[in-house]
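Asker: Here it is: the structure, laid out below.
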Amino acid sequence: MSSLSRQCSERNAATDKFPVELWIEVFRNISHRPTLAHIMQVNGHFCAIAEEQLYHTVSLIGQDHFSKFRFSLESSPHRAPFVQDIRLLRLEVENSSVPNILPSFLTSLRNLRRLELTQVPDFRFTSDTPYCDALSAVQIPHLRRLRIEAGLHPYRFLTFLEAQADFLEELEMTNTRLFKDPPVVDLLAARRFPLLQVLECDTLFLGGHTRIPVPPNLTHLSRSMIFGWELPVLAQRLGTQLVGLKLDSVWLDDRSLADGPPSWSLLNVKAKFPRLRYLQAEAPYIRNYSAIDWFPDKAVERTDTKFPVHPDGAAPQSHSRLTIAWVFDFVIPDDCDAWEQSGTENAVRILTALGGYVERVLLNRASRWISVRLGAGSEVQGERKVIKEEMGNMDRYWAQV
């Protein structure tokens, strides 16, 4: 036996000493794709394990990456079942062959569970693209999560969505105004999403169109471009279900302002959303004007509802404690210190009055997350200690709480 053959034999024997499950767990924690590719070259044992991890989650940016990956699957068809999560990013509309290939490509990924598709250019300003026709002919039996950011023809996209409706658990449609046309509402009125738990969209969905049925298992909702008058409608339709609620770009239009300042307060949130654990809102006007009156002292003055304050931090029975998140998108860099100080003061104001209900307040600006809470039982000059902590990325916390 040659020296090289002997080394290969010894290497294979060493890797075989450990169970396959252990190597799978090790390789699962390797996110660096070139490293996984090198591991595949060690021996046949490692190749089989690392290859499955390498193809489990795939991100393809543009047509060139898409074409190379498709050829890889065509040359080695056994790899297609490994793909469970694929992101097709920045796909071009003009001079692209991807739409013609997309149906057969997606159909070949028979174990696909998550699909993300984004389109350029100007996807927000077009409603009819080749991707609508391509998607309308596709059924992905194991698809559980769908995120799409593209110009969509409502009827063609609904054909695709209907084929996946019975199994989808998460649906994100950002910059996709799909439900604004009455005929589309008519189509959706006859459809249900029995397993849907997480929904993100920027249309009058479930708030403005009461004919669209509420998915029975929906617990997390993100709505942008929402009007103030929709909040009571959302509460009526989804109040007993929601655990996480994210509101972006809340508009106070004439209909919202007809009766003067907003009548919704945290007491209304507590009463109408008994399961809610997370409430996020854009907050450029926390001090002055918002669709929700955040300050509990004002709310208590104008309502007969009494809310118990628990100094020991115990939550009221039958209600979850709430995390509030304020997102400040319009703070200029020179105002960072003032932003943090003002946000902290307002957070303490809420926590002091409603500490038995509000557990903490998160402040977010430019991907920086700060948690503000009151320490249990700590006394500093007669007041509970304010605890501030830098948090990691919590952009998706609304859907995971």
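Asker: 7 Å from Cα along Cα→Cβ at both THR344 and ILE24: what's the point-to-point distance in nm?
Answerer: Result for the modelled spin labels: 4.8 nm.
Asker: Would you tally the net charge around SER320, using a Cβ to Cβ cut-off of less than 11 Å, leaving SER320 out, and scoring K and R as +1, D and E as -1?
Answerer: +3
Asker: Give me the number: length gained by fully extending ARG191 to ARG145, i.e. 0.36 nm times residue separation minus the C-alpha to C-alpha distance, one decimal in nm.
Answerer: 14.8 nm
Asker: At a Förster radius of 35 Å, what calculated FRET efficiency corresponds to the Cβ-Cβ distance of ASP64 and GLN400, to the nearest 0.05?
Answerer: Step by step, r from the Cβ atoms, then E = 0.55.
Asker: Further question: Out of residues 5 or more away from SER224 or on other chains, whose amide H comes under 5 Å of its own, with H placed 1.01 Å from N in the peptide plane?
Answerer: CYS201, ASP202, THR203, ASP248
Asker: Using 7 Å Cα-to-Cβ label points, what is the MET391/SER72 separation (nm, one decimal)?
Answerer: 3.5
No value in this document is a laboratory result; all are computed from the given coordinates. Note that the coordinates shown come from a computational prediction; the quantities given were computed from them, not determined experimentally. Cβ atoms come from the backbone with ideal geometry, glycine included; neighbour counts cover every protein chain shown.
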